[in-house]
Amino acid sequence: MSVRSYQLIRSGRKTVALQIKDGELLVRAPMKMRRDQIDRFVSAHEAWIVKHLQKAAQKPKEPLLGEQELKELSRRAREEIPRRVAYYAPLVGVNYGKITIRCQRTRWGSCSSGGNLSFNCLLMLVPPEVLDSVVVHELCHRKQMNHSAAFYKEVLRVYPAYHHYNGWLKEHGGALMKRVARKE
């Protein structure tokens, strides 16, 4: 059986792991593991690899968002997100500065140390509860500029279902961000 091509990612991990991402095989392996051992591991899992590559190929690809669609999402976000921020800020017990809407491929939101908030216009494509979870997350950074236990305690105080909706974003958010065309 031939070893299929794959992207190798070495790290301090202790075991080998296979992952299908964007229709390609990623192999995560320990730094010191020999390449022939990794190849044997991949060969031994050929059936799993083929099954999951076929499954990935069958998933429908969402069309890329054009410039006009992104402008419309940004317009809607500039209307809706400040309303959601204004609603949740008193519940969190914070104030905030300027709200900026951007179209990003890596972040859903951010909060500067000066209290300015930035949100991704693609949040207009997620369920309202997911949008609210991002808004609360960013507002809570006004109290805790980190992701400590105290930060998440505050998030959950205001938005008890946060983990559920953050899970939705982790599961589906990557596909939404991939719909933004890369600038050449």
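Of note:
- With contacts taken as Cα pairs under 8 Å and at least 6 residues apart, the chain reaches a relative contact order of 17 percent.
- Surface/4 estimate of mean projected area, convex hull on alpha-carbon atoms of segment 29-184, nm²: 12.9 nm²
- Sequence of 140, 121, 111 once ranked by neighbouring C-beta atoms within 10 Å, starting from the fewest: 111, 121, 140
- Centroid-to-centroid separation of segment 137-184 and segment 15-62 [C-alpha atoms, Å]: 28 Å
- Pairs from the list 21/71; 14/143; 98/178; 14/55; 71/153; 51/170 with a Cα-Cα gap above 32 Å: 14/143; 71/153.
- For segment 7-58, alpha-carbon Rg and Dmax in angstrom: 11.3, 36
Read-outs: derived from the displayed coordinates by stated rules, not from any lab. All values derive from a computational prediction rather than experimental measurement. Here the Cβ is made from the backbone with ideal geometry for all residues, glycine too, and neighbour counts use every protein chain on show.
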